[in-house]
Amino acid sequence: MTPHEATQPAGATRPSSVGHRTVLAIAVPMTLAHLSTPLVGIVDGALIGWTGDAAMMGGIAVGALAFDILFSFFSFLRMGTTGLAAQAFGAGDKTEQRAVLARALMAAVVLGAGLVVCAVPLCWAFVTAIGASPAVNTAFAGYFMVRILAAPLTLLNYSVLGWVVGIGRAGIGLALQLLLNGVNMAAGVALVWGLGLGTAGAGGAAVAAEAVAAIAGIVVVIVLTRGGAWPAWARLAERRAVVATFAVNRDIMIRSVALTAALGFFTAQGARHGDVVLAANAVLFNLVLAGSYFLDGLATAAEQLAGRAIGARRPDDFRRAVTLSVGWGFFMAGILTAIFALGGPTLIDLMTASPEVREMARHYLFWVLLAPAFGVLAFELDGVFIGATWSSTMRDMMLVSLAGYFALWAVLAPLFGNHGLWAALIGFFGLRGLTLAACLPRRLKRAFAAAPYAPLAAHSAASHPTA
């Protein structure tokens with residue numbers, strides 16, 4: 001959509017703005033952004049690994065896991081902001097675009113400060129839950145207590161990333177992610193390797209990276225919003241807007257917690273089959289995770305395009321956004337399955353040197369081949385529902401799918417052991433996609449049968465001129 005189109009009144013006649021190029025223009029940069037993130041963990045692990053200290057290696061591994069879990073609960077600041085900003089963008093309401101960002105930034109600062117205040121009990125909780133050796137716990141605490149200082153900056157960066165993607169600037173989102181990850185790696189080399197600060201140095205590198213990215217993000221926001229006034233406090237604090245925004249973010253958070261619980265349950269049940277099976281499952285799940293980064297880029301495109309179509313009141317654009325994102329998703333899923341089928345054994349060998357783990361992972365590789373095809377609908381429709389801010393339906397279907405996952409596990413695991421556990425996980429992926437697909441027609445009909453677009457604050461673009 002061009003800037004001129006974005007400022008036309010909702011419902012104005014104009015050519016379709018959704019095509020293959022539109023989808024890929026968002027999906028490709030965001031896929032690259034997602035793929036750059038694991039490089040940080042790889043570099044941190046390698047830098048600590050060169051110290052030869054096993055306890056520090058364990059501490060950094062546990063620390064990375066702890067922050068993955070912790071910050072996944074606040075991913076709504078990225079996803080919810082994308083959906084709300086995309087709808088305001090589709091309606092051509094620049095004032096509401098700024099209001100969405102301002103609310104997200106305020107929430108990021110408050111929530112991030114809360115995490116810093118709770119740093120000590122959070123660190124204790126992770127140490128207690130993991131139950132590692134005293135040496136690993138010490139290394140972990142050194143990393144955690146430094147990196148947690150960046151929590152407000154991390155959540156601020158989530159908000160800015162969600163906003164720039166929501167207004168169709170995926171390239172800027174990629175640049176910000178590359179900057180963050182690049183500074184993290186460079187600072188890690190300087191602090192861990194150069195100054196020998198160990199896990200505390202790795203945590204400090206993360207703080208430095210988040211700070212640089214936050215400064216760059218604020219500069220981007222200033223440039224993109226120059227020449228216009230920010231909304232007044234009365235609009236930012238308008239009760240309906242605050243309640244509705246909270247509801248969207250609450251639902252996405254519940255969805256994220258349920259997903260984390262499902263994956264944690266998979267790891268815990270795998271451990272019951274012994275160390276070799278646990279390690280093999282971890283290797284194979286890394287392949288599933290790597291594939292998800294490619295599908296996530298398309299899901300981000302679905303978020304922006306679906307939200308834009310809702311805001312612009314264009315049901316045909318919405319349907320085309322769904323069709324193209326899902327279609328490209330299945331195409332990518334086919335490529336991933338082929339890669340895993342042809343190169344799976346080689347990828348397994350690259351991730352572990354243990355002959356026993358290699359053999360066991362090959363035994364269960366079949367399930368990795370199924371994961372992209374069974375998961376693609378869930379990934380892409382998650383994006384559609386986030387963009388449309390149909391968060392309550394997405395939350396409910398995640399909980400329904402989680403119950404189905406546990407039911408499948410209860411039936412299949414006693415009969416087929418670890419094969420049954422993998423079958424339940426793949427079934428969980430499929431259930432998520434099918435339940436969302438079943439709800440889509442009804443939600444689509446309701447969305448476009450409703451009154452013309454108005455932002456959550458109950459102010460229409462007509463009553464509040466764009467800045």
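About the Cα centre of the chain, how large is the charge dipole given +1 on each Lys and Arg Cβ and -1 on each Asp and Glu Cβ? Please answer in debye to the nearest 20.
Numbers: 28 positive and 20 negative charges, 321 e Å.
About 1540 debye.
Could you state the orientation-averaged shadow area of the convex hull built on the Cα atoms of the range 84-235, in nm² to one decimal? Before the final figure, lay out the partial values.
Numbers: hull surface 42.0 nm².
In nm², the orientation-averaged hull projection of the range 84-235 is 10.5.
Picking from PHE67, TRP390, MET253, whose Cα lies most toward the positive end of the charge dipole for the chain (charges on Cβ: Lys, Arg +1; Asp, Glu -1)?
Of the candidates, TRP390 comes out farthest on the positive side.
To the nearest 10 degrees, how steeply does helix 134-147 sit against the main Cα axis of the chain, on a 0 to 90 scale?
Roughly 20 degrees between the two axes.
Which residue, chosen from PHE318, TRP328, ALA268, occupies the Cα position most advanced towards the positive end of the dipole of the range 256-406, where the dipole is computed from +1 (Lys, Arg) and -1 (Asp, Glu) charges on Cβ about the Cα centre?
About the Cα centre, the residue reaching furthest to the positive side is PHE318.
Taking chymotrypsin sites (Phe, Trp or Tyr not before Pro) that fall in a DSSP loop and have at most 16 other Cβ atoms within 10 Å as cut points, what is the longest piece of the chain between them?
Numbers: sites that count: TRP50, PHE73.
Of all site-free stretches, the longest is 74-467.
Hey, any idea what the orientation-averaged projected area of the convex hull of the range 199-267's Cα atoms comes to, in nm²? Write out the running numbers ahead of the final one.
Values: hull surface 32.0 nm².
So the Cα hull casts an average projection of 8.0 nm².
Longest segment of the chain with no trypsin sites (Lys or Arg not before Pro) in a DSSP loop having at most 16 other Cβ atoms within 10 Å? Mind showing how you got there, number by number?
On the way: sites that count: ARG226, ARG272.
Answer from the scan: 1-225.
Consider just the alpha-carbon atoms of the range 330-451 and return their Rg together with their Dmax, both in angstrom.
Taking only Cα atoms of the range 330-451, I get Rg and Dmax of 17.6, 63 Å.
Apply the a/c threshold of 1.5 to the C-alpha gyration tensor of the chain and tell me whether it is rounded, prolate or oblate. If you can, show how the numbers build up before the last one.
On the way: a/c = 1.90, a/b = 1.33, b/c = 1.43.
In terms of gyration-tensor shape, oblate.
Throughout, read-outs are computed from the coordinates displayed, never taken from laboratory work. Quantities reported herein were computed from a predicted structural model and do not represent experimental measurements. Neighbour counts run over all protein chains shown; Cβ positions are idealised from the backbone, glycine included.
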